[in-house]
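S.K.: Dropping a structure here in structure tokens format, bear with me for questions.
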Amino acid sequence: MASTELPPQEERPIGFGRMLRKEDPRFIRGRGRYVDDIQLPGMLHGAILRSPLAHARIASIDTAAAMAHPKVHAVITGKDLEAQGLAWMPTLSADVCAVLATDKVRFQGQEVAFVVADDRYSARDALELIDVEYEPLPVLVDAKKALDPDAPIIRDEIEGRTDNHIFDWESGDAAACDEVFARADVVVAQDMLYPRVHPAPMETCGCVADYDRVEGRLTLWETSQAPHAHRTLFALVAGLPEERIRVVSPDIGGGFGNKVGIYPGYVCATVASIVTGKPVKWMEDRTENLVSTSFARDYHMRGEIAATKDGKILGIRTRVLADHGAFNTTAQPTKYPAGFFHIFTGSYDIEAAHCKVTGVYTNKAGGGVAYACSFRVTEAVYLVERMVDVLAAELGMDPAELRMKNLLKPEQFPYENKTGWVYDSGDYPTALRMALDMVGYDELRREQAEKRRAHAERGSGDGAAGGGAGGELMGIGVAFFTETVGAGPRKHMDIVGLGMSDGAELRIHPTGKAQLGISCQTQGQGHETTFAQIVAEELGIPPEDVEVVHGDTDRTPFGLGTYGSRSTPVSGAATAVVARKVRERARIVAAAMLEASADDLEWEKGRFFVKGDPSRGATIQEIAMGAHGTVELPEGIEPGLDAETVYDPPNLTFPFGAYVCVVDVDPGTGVVKVRRFVAVDDCGTRINPMIIEGQIHGGLTDGVGMALMQLISFDEEGNCLGGSFMDYLVPTALEVPEWETGHTVTPSPHHPIGAKGIGESATVGSPPAVVNAVIDALEPYGVRHADMPLTPARVWAAMQGRAEPPA
Ligand code: MCN
Ligand code: CUM
């Protein structure tokens, strides 16, 4: 496909454009260095004993037999940690969570004890020698029952707690909503669940903790998306001096939000290293990762839309029950317990909006955000995009036309939505028009009408075995989304009290090569390439000559890390700003070198020259040598070109996109095949289109997985069903079509290079497109909604008029 072609080597960009990823040579040669690759002399291995029950009091723990195992060095329990004040730790959202259970266990898979042994296998063997006596308690898995008076109280360790309520959060104007709903011609309502899903990165979570007793220094190699924030939290929680903690995130095999939080295993390995005086490695296995680490979504939503009969949307309101599991371990800015759910007004010009979100505890692993979510934008976009389709069905209007009619217009930007968020820039109709043209929307609708006619003539049958009843059902799903990324302005946003800014440090070596230190942390997004491209664009130093350093708190400036697609909006801005600082320093040096006034110099990429005399100039490399050399500098000017900065974004960035999905559903089996998928994205200025497309392809694949396959459920006893890739189905190349991507470019007015984030756009935008397509396919059966994942059994059940497949 033309769009994925790379320019020939000799046309490689010095700046923005397609170029191969600088990090890939080491990955494709198998020379990446992940946490589990780290081997230190004398290193021990830790393993975690996990609760088999979802809710039970711990009567006793007997570790004697495990301690007697010849290869075991230590067994740590909650009681041991309690003695050090470490049995509980703060979460990233004003809650606490147990490091190792003391009083009781609150979800299946919760950490109960930590064994340290010579090798991984002995540690695992010894787990089986620990005898825990549990007294089972009633289990709460259904969030809708969490606030019932007879519900078991999960967090009864908190004095005086008599319910499972975490928070209530409201946004928008309820009275204004009531008013528009009262005068609307049409009101539609729909209940929907954005089900629990798991990010399931290829590499599970783990760490190596190495405590040097002599120096009192802790080095912690961690699968972390936010090394600096982790270091500060370790200092605060463990009482270790921050300057003696070094957190290193080496290569990360996918994060998707799973590696934002601090897990009990990291704390246990650290304590174990302090206790044994040796380095301790802890790596989860796949099941541990799937049952116990950050889940996502679990939003029970009721949406309501009010409109005129000709399809002008007047108001939208929603009521949400948010299942946060046993501990509120959600990572998101403190002020926003429901993340950026504010964006549920979507991309539309709406008069009034209101939402209320209630968070509750259940006996499930802690969850909340994570999984390419942009802090709940996934849920918000799903809600509004499903509701628009429900409205379209009610009005008998084409869903693309209904969207076009209500989209914000380019002249309305910057636009303040009805929950007070200011969208920076956008041209929505152009993006939607492009997506519809690319997919050939009108032609597809004609094909569909023909198929529906044929289907009706042949009779839809009962849809049961025998298939063939009327041929395949064709569906077309449209979704338009506005994303909210780049947290965030410090005045509004912090995580556990740390303002959400990011630093950048740029060193220019005498030979004109550069080293950029940044506080964000790639997990596969290609920062070593794109951040070098930003420096190249600003300074004309080829990206090959710019080494990007990240993931090591000893070598990089402080900042809050990579999640919420904030790297480009925040760290990327810091990088452009620091490069411009270097450029201004270079101007002064060049002036001295060229014996001209600094004001008389002009910049062309990579070179200053004297105005009106282009032959008198100096390249950035020559200037670098001059700056480090003996060029006589003006009074007060320091030698060298190095600079540093900390960037506090003035606003978030609001990328957007228009997606169209075409599916064919087999009426006999309910199997959904995604025939085509067109994605038009706008992330402002594009640094590396190849990497952007990669991000979109990945996110679309995630979206198809969530919409059609990925299912985590719990039985009544709280057993997690979905603890392996046999049950939790992640999509492969076989389930997805060849993606068709397009783009528009609407730069962010407040970002130094006009870039917006892209890392989560496709995961946010694609699930509603897929679901809308499937529901559209089921139109002949009168289906208005069915919850994800739309497995064959669920689709088939929906065709029979049932909400759930028979057990
Ligand atoms: N980019 C660009 N031009 C733009 C915007 C972005 O070239 N206008 C490039 C960036 O420079 C970067 C990549 O695209 O190389 C993604 O940038 P950005 O949107 O800033 O997102 P982050 O780098 O902050 O990545 C985080 C985001 C999140 S939150 C999840 S979740 C997710 C995602 O990235 N996890 C991923 N994409 C992932 N991709 C991989 N391979 N692995 C993950 O774990
Ligand atoms: Cu919410 S998943 Mo990403 O923000 O790391």
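The values are calculated or read from the model by the stated rules, or taken from the named source; none is laboratory data. Just so it is clear, the model here is predicted, and its values are computed rather than measured. Backbone-built Cβ (ideal geometry, glycine too); neighbour counts: all protein chains shown. SASA here: full protein model, heavy atoms, side chains in, ligands and nucleic acids out. Shrake-Rupley method; radii C 1.70, N 1.55, O 1.52, S 1.80 Å.
S.K.: Give D148, D142, D119, D125 a once-over and let me know the one that is under 32 Å from the mean Cα position of the chain (by Cα), of a type in the set (D, E) and either loosely packed, with under 15 Cβ neighbours inside 10 Å or over 23 Å from I274 (Cβ atoms) (or both).
M.R.: Exactly one residue qualifies, and that residue is D142.
S.K.: Here's another thing I want to ask about it. Has region 560-583 got at least one residue that is more than 16 Å from ligand 2 (Cβ to nearest atom), without any contact (Cβ under 8 Å) to a residue 24 or more places away in the chain and assigned by TED's automatic domain parsing to the domain that holds T529?
M.R.: no
S.K.: Further, regarding this structure: Out of V745, V771, V764, report the one residue that is under 23 Å from the mean Cα position of the chain (by Cα), of a type in the set (A, V, I, L, M) and open to solvent by 40 Å² or more (accessible area, probe 1.4 Å).
M.R.: Unique residue meeting the criteria: V745.
S.K.: Quick check on this structure: which one of D666, D727 is away from ligand 1 (no atom under 13 Å from the Cβ), open to solvent by 40 Å² or more (accessible area, probe 1.4 Å), over 22 Å from the mean Cα position of the chain (by Cα) and touching a residue at least 24 places away in the same chain (Cβ under 8 Å)?
M.R.: Details: D727 fails: touching a residue at least 24 places away in the same chain (Cβ under 8 Å).
None of the others qualify; the one that does is D666.
S.K.: Among the listed residues E602, E584, E547, identify the single one that is assigned to a helix (DSSP H, G or I), on the phi < 0 side of the Ramachandran plot and acidic (D, E). Talk me through it step by step, then tell me what you get.
M.R.: Details: E602 fails: assigned to a helix (DSSP H, G or I); E547 fails: assigned to a helix (DSSP H, G or I).
Residue meeting the stated conditions: E584.
S.K.: Then there is this: Pairs needed: first member in region 512-531, open to solvent by less than 10 Å² (accessible area, probe 1.4 Å) and near ligand 1 (Cβ under 7 Å from one of its atoms); second member anywhere, of a type in the set (S, T, Y) and assigned to a strand (DSSP E or B); C-beta distance under 6 Å; at least 6 residues apart or different chains.
M.R.: none
S.K.: Given the criteria farther than 29 Å from C373 by Cβ and open to solvent by 20 Å² or more (accessible area, probe 1.4 Å), does D210 qualify?
M.R.: For D210, the condition - farther than 29 Å from C373 by Cβ and open to solvent by 20 Å² or more (accessible area, probe 1.4 Å) - is met.
S.K.: Among (1) surrounded by 19 or more Cβ atoms within 10 Å (Cβ to Cβ); (2) within 36 Å of the chain's Cα centre (by Cα), there is one condition A627 misses while meeting the rest; what is its number?
M.R.: Every listed condition holds for A627 apart from (2).
S.K.: Here are the criteria: (1) surrounded by fewer than 24 Cβ atoms within 10 Å (Cβ to Cβ); (2) within 16 Å of ligand 2 (Cβ to nearest atom); (3) outside any loop (DSSP other than H, G, I, E, B). Tell me which single one Y336 does not satisfy.
M.R.: (3)
S.K.: Which of the residues spanning region 308-325 are of a type outside the set (A, V, I, L, M) and open to solvent by less than 40 Å² (accessible area, probe 1.4 Å)?
M.R.: T308, G311, G315, T318, D323, H324, G325
S.K.: Here's something else I'd like to know. Touching a Pro at 6+ places or on another chain (Cβ under 9 Å), closer than 30 Å to L233 by Cα and surrounded by fewer than 19 Cβ atoms within 10 Å (Cβ to Cβ): which single residue out of L44, L40, L100 fits that description? Break it down stepwise before answering.
M.R.: Working: L44 fails: surrounded by fewer than 19 Cβ atoms within 10 Å (Cβ to Cβ); L100 fails: surrounded by fewer than 19 Cβ atoms within 10 Å (Cβ to Cβ).
The conditions single out L40.
S.K.: Does A175 satisfy being within 16 Å of ligand 2 (Cβ to nearest atom), outside the structural domain of Q225 (by TED's automatic domain parsing), open to solvent by 10 Å² or more (accessible area, probe 1.4 Å) and not acidic (D, E)?
M.R.: So A175 fails the test.
S.K.: What are the residues in region 11-37 that are over 19 Å from K278 (Cα atoms), open to solvent by less than 60 Å² (accessible area, probe 1.4 Å) and of a type in the set (A, V, I, L, M), if any?
M.R.: M19, the sole residue that qualifies.
S.K.: Let me ask another. Any idea which of Q108, Q84 is at pLDDT below 95 and not assigned by TED's automatic domain parsing to the domain that holds A338? Please lay out each step first, then the result.
M.R.: Details: Q108 fails: at pLDDT below 95.
Among Q108, Q84, only Q84 is at pLDDT below 95 and not assigned by TED's automatic domain parsing to the domain that holds A338.
S.K.: Just checking: which of the strands (runs of 3 or more DSSP E) contained wholly in region 52-96 hold 2 or more residues that are open to solvent by less than 30 Å² (accessible area, probe 1.4 Å) and in contact with a Leu (Cβ under 8 Å, 6 or more places away or on another chain)?
M.R.: Once the strands (runs of 3 or more DSSP E) in region 52-96 are filtered for at least 2 residues that are open to solvent by less than 30 Å² (accessible area, probe 1.4 Å) and in contact with a Leu (Cβ under 8 Å, 6 or more places away or on another chain), what remains is 72-77.
S.K.: It is to be established whether one or more residues within region 548-559 are within 12 Å of ligand 1 (Cβ to nearest atom), buried (at least 24 other Cβ atoms within 10 Å of the Cβ) and either aromatic (F, W, Y) or assigned by TED's automatic domain parsing to the domain that holds K756 (or both).
M.R.: No, that holds for no residue.
S.K.: Is there a residue in region 40-48 that is touching a strand residue (DSSP E or B) at 6+ places or on another chain (Cβ under 6 Å), closer than 23 Å to P136 by Cα and not in a loop (DSSP other than H, G, I, E, B)?
M.R.: Checked against the condition, which is being touching a strand residue (DSSP E or B) at 6+ places or on another chain (Cβ under 6 Å), closer than 23 Å to P136 by Cα and not in a loop (DSSP other than H, G, I, E, B), region 40-48 yields at least one hit.
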